[in-house]
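Trainee: Sending over a structure as structure tokens; questions will come in a sec.
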Amino acid sequence: MGDRIKLTAADGFVLNAYRAAPEGKPRGGVVLIQEVWGLSNWVRSVADRWARHGYLTIAPAMFDRAEYGFESENYGADHFPLVGELMKKFSMDSAMTDVEAAIAAASEAGKVGITGYCFGGRVSWIAASRLEGLSAASGYYGGGVPNYIELTPKVPIEMHYGDKDQGIPLEQVEQLKARHPEADIYVYSGDHGFCNSDRPEKFDEASCTKASVRSLEFFHKHLG
């Protein structure tokens, strides 16, 4: 359904992205932020799903500044040392510039929401707090969000976490709830990555379906 495209950030950097357009008039736009596997098959399938729900969806390649064109289908443990090296070159400030370019591309469809998984959940929280042009945010198991707990989202936001996630203890989720009572923060019976159907050892269909329906209803409410 979707197409590979290029986005140009405000500083002139050209990054890869995936664009999935709905049939007919769109309800609005969605910026979809990847996990640490880049624009993987699964992320592109999620973009296609948002498009089927009526949203023009833009998924920017968030690691292009660290390694241009990076994407992987390797879900093994040996992938994570590579991610560690990529993160040494990663800049959240530059990432926000790239997200701004994705927001601009999605805004041709109207109001824009942002969503993302794992790394993308964290980026969604930060973007909702720092950037203009968004109307809602729905982030999934955003690792590191407690490090940004003092950021206050500018738009309606919801976050989704798994109760078996060893990397994001429930105490951190409770801290986030206490600090941000304005945010809708949900906890599901699942591990980190419970929505990635390409990771059978993590995927929890029931929890993912419940969370995905909430995200869809949330964007229906705030985007159209």
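The values are calculated or read from the model by the stated rules, or taken from the named source; none is laboratory data. Keep in mind it's a predicted model, so treat the numbers as computed, not measured. Cβ coordinates were reconstructed from backbone atoms using ideal geometry, including for glycine residues, and neighbour counts include every protein chain displayed.
Trainee: Within region 185-211, restricting attention to residues that are in contact with a strand residue (DSSP E or B) (Cβ under 9 Å, 6 or more places away or on another chain) and assigned to a helix (DSSP H, G or I), which residue is nearest to V155 (Cα to Cα)?
Mentor: Here the answer is A211.
Trainee: Of the residues that make up region 120-139, is at least one closer than 26 Å to G76 by Cα and aromatic (F, W, Y)?
Mentor: Filtering region 120-139 down to residues closer than 26 Å to G76 by Cα leaves 120-124, 139.
With the extra rule that they be aromatic (F, W, Y), the set shrinks to none.
No, region 120-139 contains no residue that is closer than 26 Å to G76 by Cα and aromatic (F, W, Y).
Trainee: Go through the residues of region 162-184 one by one and say whether even a single one is in contact with a Phe, Trp or Tyr (Cβ under 6 Å, 6 or more places away or on another chain), within 20 Å of G38 (Cβ to Cβ) and crowded, with 22+ Cβ neighbours inside 10 Å.
Mentor: So far as region 162-184 goes, no, none of its residues is in contact with a Phe, Trp or Tyr (Cβ under 6 Å, 6 or more places away or on another chain), within 20 Å of G38 (Cβ to Cβ) and crowded, with 22+ Cβ neighbours inside 10 Å.
Trainee: Can you spot a residue in region 148-156 that is assigned to a loop (DSSP other than H, G, I, E, B), more than 18 Å from C195 (Cα to Cα) and in contact (Cβ under 8 Å) with a residue 40 or more places away in the chain?
Mentor: Keep residues of region 148-156 that are assigned to a loop (DSSP other than H, G, I, E, B), which gives 149-156.
Next, from what is left, pick out any that are more than 18 Å from C195 (Cα to Cα): 149-156.
This time we only want the ones that are in contact (Cβ under 8 Å) with a residue 40 or more places away in the chain, so: 155-156.
Yes, the conditions are met somewhere in region 148-156.
Trainee: Of everything in region 1-24, what is out of contact with any Gly (no Cβ under 8 Å at 6 or more places or on another chain), touching a residue at least 12 places away in the same chain (Cβ under 8 Å) and of a type outside the set (A, V, I, L, M)? Give them in sequence order.
Mentor: G2, D3, R4, T8, D11, F13
Trainee: So which residues in region 157-184 are farther than 19 Å from S135 by Cβ and assigned to a loop (DSSP other than H, G, I, E, B)?
Mentor: Step one: filter region 157-184 for residues farther than 19 Å from S135 by Cβ, giving 161-179, 181.
Matches in region 157-184: D163, K164, D165, Q166, G167, I168, P169, P181.
Trainee: Run down A206, A128, A211 and say which single residue is among the small types (G, A, S), free of Cβ contacts under 8 Å to residues at least 60 places away in the same chain, buried (at least 20 other Cβ atoms within 10 Å of the Cβ) and under 28 Å from F80 (Cα atoms). First the steps, then the outcome.
Mentor: Details: A206 fails: buried (at least 20 other Cβ atoms within 10 Å of the Cβ); A211 fails: free of Cβ contacts under 8 Å to residues at least 60 places away in the same chain.
Selected residue: A128, the only one of A206, A128, A211 that is among the small types (G, A, S), free of Cβ contacts under 8 Å to residues at least 60 places away in the same chain, buried (at least 20 other Cβ atoms within 10 Å of the Cβ) and under 28 Å from F80 (Cα atoms).
One line per residue, one yes/no per condition, for (1) modelled with pLDDT of 95 or more; (2) part of a helix (DSSP H, G or I); (3) touching an Asp or Glu at 6+ places or on another chain (Cβ under 9 Å); (4) under 20 Å from V155 (Cα atoms):
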{"position": "G84", "(1), (2), (3), (4)": "no, yes, no, no"}
{"position": "M87", "(1), (2), (3), (4)": "no, yes, no, no"}
{"position": "D93", "(1), (2), (3), (4)": "yes, yes, no, yes"}
{"position": "T97", "(1), (2), (3), (4)": "yes, yes, yes, yes"}
{"position": "A102", "(1), (2), (3), (4)": "yes, yes, no, yes"}
{"position": "A105", "(1), (2), (3), (4)": "yes, yes, no, yes"}
{"position": "E108", "(1), (2), (3), (4)": "yes, yes, no, yes"}
{"position": "G113", "(1), (2), (3), (4)": "yes, no, no, yes"}
{"position": "G120", "(1), (2), (3), (4)": "yes, yes, yes, yes"}
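Trainee: Please go through region 106-119 and give me each residue that is out of contact with any helix residue (DSSP H, G or I) (no Cβ under 8 Å at 6 or more places or on another chain), small (G, A, S) and buried (at least 24 other Cβ atoms within 10 Å of the Cβ), ordered by number.
Mentor: A106
Trainee: Can you tell me which residues in region 51-67 are within 18 Å of K25 (Cβ to Cβ) and in contact (Cβ under 8 Å) with a residue 40 or more places away in the chain?
Mentor: Narrowing region 51-67 to residues within 18 Å of K25 (Cβ to Cβ): 51-58.
A51, R52, H53, Y55, L56, T57, I58 - these are the residues of region 51-67 that are within 18 Å of K25 (Cβ to Cβ) and in contact (Cβ under 8 Å) with a residue 40 or more places away in the chain.
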